[in-house]
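Structure first, then comments.
Each value in this text was obtained by applying a stated rule to the coordinates, not by laboratory testing. Quick caveat: nothing in here was measured; it's all calculated off a predicted structure. Note: ideal-geometry Cβ built from the backbone for every residue, glycine included; neighbour counts use all protein chains shown.
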């Protein structure tokens, strides 16, 4: 980076003062942004974090005047000064449809959005959209603009930019589209890039490469970035400064190291605690933030956070709006904990324990960390784990050589033109009472495998042996129609999308009770179904009175509880959770994960936990299987897999996970996969991973297909060279200088955090 | 792209074949045929039918053959000689009757389509860009009225009103002085002065439907992330609207070519009868009544083929406009 970083005080590029953006709806005024003060310094990265519904995106859109009716910027100022020769402009005072603001958009401030494919028009090639932006803000001719566009595509790391210039957005992957969006945002060399959750919709591996790219581009151009995210891991990787938002206001602002070392605001602290990290000890209970973000329409009195705050002081926090407290020159918190006179103002406060006021020079942990049922009771201890693993109990489900091929029909006669081998011969055992994780990038076939096991999909070949305690194994893959009914109650599924997976026209009673009626000797009498549904609702933490309501009345987290209730009402043995928490906010995710682990102990459940989120998998799973392009490439006990991975793909996945610790950012220990997941309809020869493998060798990799070989401690790996590969080495021969320590790759627990 | 065109044309062949079989079979479904109708009519007039004459007719038109043979004879004539058979009732070749009515029917249909587009396009855009504005409510109200009023009623009202305001008769295609005159400027203007009533009558429902569809589509598209993204990179509102969401929202306009044709043909039967238009609609109605099978079958066949061609055209234009369609069916 430039000298900017060295200078003690950098110039403010963007200064937001008391910004308020309100939506005037039929139900009243919704204060989406309610008094935000922020500063983005030239050349620096400011991360804005908070749960969804906290007004982060609305704040960012207000900067560019992109708020749509019935919303509008009510008051406040947005001072913008791209370079010192120019005078300050108040963007909030400009006409949102006017010429002046249009020149700022795209030319001075670029913006990148969450869903890259949807943010590009499908009707024009990406090249046309890029050229259009370039010509909008410069006097280049069409040919010059095209040359520039191709150069921009090359700069954001798109291979074969000449060819890709004529591609449409729907022909590219999400990661490629996000690169195009970045190219469009940066083609006019803006001084500031606003990135609104740019990696949330992407895979971990893709996310890692996009974050790298943004870092490199920032180094080249010296631009500032306002990076909006809900992922504390990403914050730790990219931020210089952090602003934590809650209910439309900034509750804490600090440098990234301070935020992670000693969060000042209880909300920041709670956010940090609810992330499962790769370092976490397995199966410990996550500290969830109680409740959820209230709708901005009914903002609580006083401090907006007091309803969920562990340190809330009754009589003060629920009455008075807290002031801003400057704790250090570049550190600020909006919380009554830091009001020196807090106790004087409120007579009631004397009855409380004296609040720990933090001296400005060394803010410590604000709130004594309560061990809110920290979970030792309902977690199987080591002894129980061994009993599940030692093989005395046979597997509950054995998948052997399972294949699911999708036939793509083509031409006049609908002949099978090619086959997509979504699952290409998988062997898997699921033991009773365990949680088996299934991880991999999107498109690797993990969801297809899960759906084939519940027989929502017809397997092409292979067997699925299900064995309940004391009964003979049954091969589910041979059963048809009514024969499957008894097992459909035993193996249930929880889906990813909490909004799409519930029929909006049915009540909870109908939704949750429905599987009961489908059972062969199921409960058909109407009297007992409501009782069981009520019981189930109570089990998943919802009130039985909700039974007659429709799904639209519930939030994402509550809907996922409904999904869980529907899955568990038949008292299944095996539950397949397909990305069950991926669509949820951090704090809600922690609540659902805790619920799942409680239910596992209470109802003696076995989980197949499908996820692309490795930190969650590490947290909840006993064993993990890693899938790549329809094959299992590695399978081991969770700690073993995370601490000593033996397949290069596993190490690459692990190193792509952003570590929520700003001290451990930077290049060390990272492996970046080249290229995208290969086309499953035309897989590479030999080891299907060889096109992306940093350890590719001449012998065997391109010719022989590796098989899953069992090693010591039931650690299975499908790699020809697993025995003699030193996975602690970095990306092969090119960079011998950058050798990572075992600590970097294993991401050993750091207790000091 | 060319492979796509060729394949779509290849798909048309079995479709048209199926249509021709079905239309022929449907015509044969009612008991009896043209000759029994003729015999009963003659009996009513008190002239007992000469059995030999009927037999001769039957042999001449091949009515004593089994149905498949009749069909094959009919199709052979169409394919190899352009001969659609004879109309019993008019005692003329069907092709001559079609030549009289079909061009006007096609002209009327195209005129109506054009009218529908020209009216629906700006109103639909206005309604979507300014939703819930007074203008939007006005367009919506008029649109619903247009959808709800039956065609024949609208036709009668318009004929009555035009008589009241402009005087003269607007029924039929030409005023009496031009009815048999050769083509001239005056005759053309006279034609236009008559044509506007059927065009409005036939087009109103389609226009109202299209406004609703365009408004809904455009409203959906305006909320898409790529619109916000376009605005965020500094595009002006008008240019943004025309280049991005409008192009996607155009798809229903193109699709109308396919679905408006059959709708016009069916609506045109009633309107054509009410307004006494020389179109295929009234002709077909009469043919169906008297079981004039070759005439009715030919009209159904021709109209169906035109509809299939219209659908093909709209699909091709759609593929040309929308890269998603183009690249899906490479």
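Sorting B:95-102, A:684-691, B:11-18, A:176-183 by average packing, meaning the other beta carbons within 10 Å per residue, from highest down gives A:176-183, A:684-691, B:95-102, B:11-18. In plain terms, the bigger the Kirkwood radius, the slower the diffusion; for the range A:402-505, with that radius from Cα pairs, at 37 °C and 0.692 mPa s, Stokes-Einstein puts D at 207 µm²/s.
Just for the protein assembly as shown, what percent of DSSP beta bridges are antiparallel, to the closest 5? Around 65 percent antiparallel, to the nearest 5. Each part gets one Cα centre, and for the range A:479-550 versus the range A:168-187 those centres are 42 Å apart.
Bridge orientation summary for the range A:574-659: considering DSSP beta bridges with both residues in this region, about 55 percent are antiparallel. Fewest neighbouring Cβ atoms within 10 Å first, the residues B:2, B:74 line up as B:2, B:74.
Compared with the dominant Cα axis of chain B, that is its longest principal axis, helix B:67-76 is turned about 70°.
For chain B, the longest principal axis of the C-alpha atoms and the axis of helix B:185-222 are separated by about 50°.
Each of the peptides B:132-139, A:620-627 was scored by the mean count of other Cβ atoms within 10 Å over its residues; in descending order, highest first, they stand as A:620-627, B:132-139. Across peptide A:120-126, the mean count of Cβ atoms from other chains lying within 10 Å of each residue's own Cβ comes to 6. Counting 0.36 nm for each residue step from residue B:238 to residue B:47 and taking away their Cα separation leaves a gain of 61.2 nm. Peptide A:111-119 shows a mean partner chain C-beta count of 4 within 10 Å per residue C-beta.
For the pair residue B:79 and residue A:506, label points projected 7 Å from Cα toward Cβ lie 5.2 nm apart. A Förster radius of 41 Å, combined with the Cβ-Cβ distance separating residue B:189 from residue B:58, puts the computed FRET efficiency at roughly 0.25. Distance between the modelled labels on residue B:100 and residue A:543, one decimal in nanometres: 7.9 nm (7 Å Cα→Cβ projection).
Between residue A:484 and residue A:602, the FRET efficiency from the beta-carbon distance, with R0 = 25 Å, is close to 0.40.
Inter-chain Cβ neighbour count for A:36-48, averaged per residue, equals 0 (cutoff 10 Å, partner chain atoms only). Between residue A:643 and residue A:400, the C-beta separation translates, for a Förster distance of 45 Å, into a calculated FRET efficiency of about 0.95.
Each of B:71, A:267 has some number of other Cβ atoms within 10 Å of its Cβ, and from fewest to most they run B:71, A:267.
Spin-label pair residue B:156-residue A:532: with each label point 7 Å from Cα along the Cα-Cβ axis, the two points sit 6.2 nm from one another.
Volume of the convex hull of chain B (Cα atoms only), normalised per residue: 195 Å³.
Calculated mean residue ellipticity, 222 nm, chain B: -25500 deg cm²/dmol, from DSSP H runs (n ≥ 4) at -39500 (n - 2.57) each, averaged per residue and rounded to 500. Panel order for A:163, A:56, by other beta carbons found within 10 Å of each beta carbon, from fewest to most: A:163, A:56. Highest mean first, the peptides A:291-303, A:78-90 sorted by other C-beta atoms within 10 Å per residue fall in the order A:291-303, A:78-90.
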